[in-house]
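Asks: Have a look at this one before I ask anything.
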Amino acid sequence: MAEYVVEFGRDGRAGEADGRLDAPAFHRNHQAIRAVLVQFLAGKSGDAIEVGSGTGQHVVDLAHHLPDITWWPSDLNETHLQSIEAWRAYSKLANIRAPLRIDLSDPCWCPEMDGGHGPGELVAVFCANVIHIAPWRVAEGLFAGAGRYLHGGGLVFLYGPFKRGGKHTAPSNAAFDSSLREGNPEWGVRDVEAVQELATKAGLSLLEIAEMPANNLTLVFSRTG
Ligand SMILES: C[S@@+](CC[C@H](N)C(=O)[O-])C[C@H]1O[C@@H](n2cnc3c(N)ncnc32)[C@H](O)[C@@H]1O
């Protein structure tokens, strides 16, 4: 069954002295995730936000392989924000900005952009393993904000487990879904179609459904207009 972590570093696994935390899942999934983003973003420049960055390991990997993009990681958890900042410093990559505090349940989740102190119009929003470990309003906020902050043709990459046509794609995902809902009735593996409906409302269309290892998907959406 898939594992999930709400707060990294709480499982007794010691992080590094500088605050860098390690997500075991990162080592299993980052290459496949990166391959999808590189397919769509190679050669592009501009600002991209990662929401729910967790430890910060994905943003370092993406910034390394997509150097023309300026990456803005974010989270709402204080320990995660410290880990992201520690990974940013450790990486010494010039194209990663300091982490933003973003709560996706607020549809206007990037006041820095509105105030001109953050990224400019976005080329991409990347979100991995968040919307099933959060209430549905987080998915709603994700797309409302993406529709607002992405430029025309900008992309959303949404990685995680999903149902298709209301059905689980594997027994392990069904068991994972039950364990999530037992822990919190507002959580759970989401339907591709329900997510697509949110995207459509926000002016985004589904470009691709990439099959990923371990019965996960990456949904790629593009902002029309
Ligand atoms: C399972 S972790 C995934 C972390 C990282 N994306 C990865 O794949 O390794 C879920 C992350 O979502 C963040 N999160 C939960 N609710 C959120 C919200 N309302 N807004 C933004 N981030 C949230 C958590 O703090 C956590 O860092």
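Asks: So what's the gap between the Cα centers of the stretch 187-225 and the stretch 143-170, to the nearest angstrom?
Replies: The stretch 187-225 and the stretch 143-170 have Cα centres separated by 3 Å.
Asks: Any idea what the relative contact order of the stretch 24-223 is, in percent, if you count C-alpha pairs under 8 Å spaced at least 6 apart? Let's see the in-between values first.
Replies: Numbers: 383 pairs, mean separation 37.8, N = 200.
Across the stretch 24-223, relative contact order equals 19 percent.
Asks: Can you pull the Rg over Rh of the stretch 135-212, Cα-only, Kirkwood?
Replies: On the way: Rg = 13.3 Å, Rh = 13.5 Å.
Across the stretch 135-212, the Cα-based Rg/Rh ratio is 0.99.
Asks: Which of His117, Trp187, Gly166 sits closest to the plus end of the dipole of the chain, meaning its Cα is farthest towards the positive end, when Lys and Arg get +1 and Asp and Glu get -1 on the C-beta?
Replies: Gly166
Asks: Suppose every Lys and Arg Cβ carries +1 and every Asp and Glu Cβ carries -1, with no other charges. What dipole size does the stretch 172-225 come out with about its Cα centre, to the nearest 20 debye?
Replies: Numbers: 4 positive and 8 negative charges, 41 e Å.
About 200 debye.
Asks: Measuring from the lowest to the highest alpha carbon on each principal axis, how far does the chain reach, largest first, in angstroms?
Replies: Cα extents, longest axis first: 47, 43, 30 Å.
Asks: How much mean residue ellipticity at 222 nm does the chain get from its helices, if each DSSP H run of length 4 or more adds -39500 (n - 2.57) and you divide by all residues, to the nearest 500 deg cm²/dmol?
Replies: Details: 7 runs with 82 residues, N = 225.
The helix contribution divided over the chain gives -11000 deg cm²/dmol.
Asks: Over every pair of different alpha-carbon atoms in the stretch 1-123, take the mean of 1/r and invert it; report that Kirkwood radius in Å. Could you put the intermediate results ahead of the total?
Replies: On the way: mean 1/r = 0.0669 Å⁻¹.
About 14.9 Å for the stretch 1-123.
Asks: Below 29 Å, Cα to Cα, which lysines can Lys201 reach? Residues fewer than 8 away in the same chain don't count.
Replies: Lys44, Lys163, Lys167
Asks: Count the DSSP beta bridges whose two residues both fall in the chain, then state the antiparallel fraction as a percent rounded to the nearest 5.
Replies: Values: 15 of 35 bridges.
Around 45 percent antiparallel, to the nearest 5.
Asks: Treating the beta-carbon of each Lys and Arg as +1 and of each Asp and Glu as -1, no other charges, what is the dipole magnitude of the stretch 52-145 about its Cα centre, to the nearest 20 debye? Working shown, then result.
Replies: Working: 5 positive and 11 negative charges, 47 e Å.
For the stretch 52-145, the charge dipole is close to 220 debye.
Asks: Mind telling me which of Thr70, Thr169, Thr200 comes out most flexible in a GNM of the chain, alpha-carbon contacts under 10 Å?
Replies: Thr169
Asks: How big is the dipole moment of the chain about its Cα centre under a simple scheme where the beta carbon of each Lys and Arg is +1, that of each Asp and Glu is -1, and everything else is neutral? Debye, nearest 20, please.
Replies: Numbers: 19 positive and 27 negative charges, 80 e Å.
Roughly 380 debye, rounded to the nearest 20.
Just so you know, all these numbers are worked out from the coordinates, no wet-lab data involved. No experiment lies behind these values; they were computed from the predicted model shown. Cβ coordinates were reconstructed from backbone atoms using ideal geometry, including for glycine residues, and neighbour counts include every protein chain displayed.
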